[in-house]
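For reference, the structure discussed in these notes is given below.
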Amino acid sequence: MNGLPVYRMQTILKPDPELNELVLRGRPLDGYENRGDPNFGGFAVPVARIPVPPMKRRDMQAGIFSQGGAFVSTQVDNDVIGFLNPVSAVARMGPNIVTGLKQDWAQPTVTSTASAEFLAEYQQATSSNLAVGQLLLTPHRLAGSLTASKQIDSQRPEFGSALFQLVGQMMGATIDAGCLTGAGGATPLGILATASVGQVTFNSSVWQNLCDFEAAIGNASANVDGARLGWITTPNVRSYFKSTPRASGLSLYLMDDENKICGYRSEMTTALSATDKVVFGNWQDFVLGFWGDSIYFRKNPYSKSSSGEDVYDFWAYVDFGPRHAQSFCVSSGSPL
């Protein structure tokens, strides 16, 4: 085969994944597996055994825009939660994450349950109605773009990995801001702007106020013990909680050394820094949906190549919301 062009055989052979699997496992071929046969539909030469030097492939090329490069992008693994965890406080609280969406997504929710009662032997049971609602998610485009010098990419091979981490930080911070403070419209509606979310006002009795958050959710959503309850607030509020005693003279603080408040875990984000508000809720009742399975990241080395620059585009289609607004409670202001 030296000096002769080598073609990709899988383009002319009948696909046979079972045969390829046999070769990959090291089983010798016999019978018509190893020769041409009209009943077989082509030569049974498995792709796994075809020596194709990379520089001689007659194929579309990902490195040339007009011959396939336009179709190439990098996508984050389907484990979106693993991508967002380090940078998104909401993701770390353990919401329900739904990926692979193709159409608008709706989930029925129960807004009031039927009642039951103990009765005498022949006593008539009281009739009750089950009320239902619906959480509807529709895709909202989350996108950004970065421009970087080609020289950096040439001199620092690890630049792409560092840039990918930066993209993760930006995406996570933007998703946090939307989930918590989104006002609707192009940005999905966040928890602070959702109707029927509980509310607590801070006063001088901050420890009692924090206990009131738990009571508000417990009274509105019975039997939440054991749910994924937790707090999200800002770095400033966390600092205040960790340095302020629950009451004068006590050595116990509003937030303990494990970053727990009233026994529940907490996370912090700068997405709330404009107001320094506090959010408490049952985070397994919060749904975060992604269309197309993934967050996408693509390098475009062509549009600004004349100026020695690469353009990096990243995007996702996202929506989110609580299944039950009563599963969350927010402060009307800052405790500071």
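Kindly rank 158-165, 310-317 from highest to lowest mean number of other beta carbons found within 10 Å of each residue.
Listed from highest to lowest mean packing, they are 310-317, 158-165.
For the residue pair residue 155 and residue 99, what label-to-label distance in nm results when each label sits 7 Å from Cα along the Cα-to-beta-carbon direction?
That separation, rounded to one decimal, is 3.6 nm.
Take every Cα pair under 8 Å in region 144-250 that's 6+ residues apart, average their separations, divide by the length, and report that relative contact order as a whole percent.
Once normalised by length, the contact order is 11 percent.
Quick one: which residues, 5 or more positions from residue 234 or on another chain, have an amide H under 5 Å from its amide H? H modelled 1.01 Å from N in the peptide plane, none for Pro or chain starts.
The list, which skips near neighbours in sequence, is 269.
Sorted by mean Cβ packing within 10 Å, highest first, what order do the peptides 200-207, 282-289 take?
282-289, 200-207
If R₀ is 51 angstrom, what is the calculated FRET efficiency for the pair residue 131 and residue 165, using the beta carbon separation as r and rounding to 0.05? If you can, show how the numbers build up before the last one.
Numbers: r = 46 Å, r/R0 = 0.90.
E between residue 131 and residue 165, to the nearest 0.05, is 0.65.
Evaluate the distance, in nm, between pseudo-label points positioned 7 Å from the Cα of residue 260 and of residue 215 along their respective Cα→Cβ axes.
If labels sit at residue 260 and residue 215, their model points lie 2.2 nm apart.
Between residue 248 and residue 284, what is 0.36 nm times their sequence separation minus the Cα-Cα distance? Round to one decimal in nm. The partial results should precede the final answer.
Values: separation 36, 0.36 × 36 = 12.96 nm, distance 3.55 nm.
Net length gain for the segment: 9.4 nm.
FYI, it's all coordinate maths here, none of it is from the lab. The model shown is predicted, which means the values in this text are computed figures rather than measured ones. As a convention, Cβ positions derive from the backbone with ideal geometry for all residues, glycine included, and neighbour counts pool all protein chains shown.
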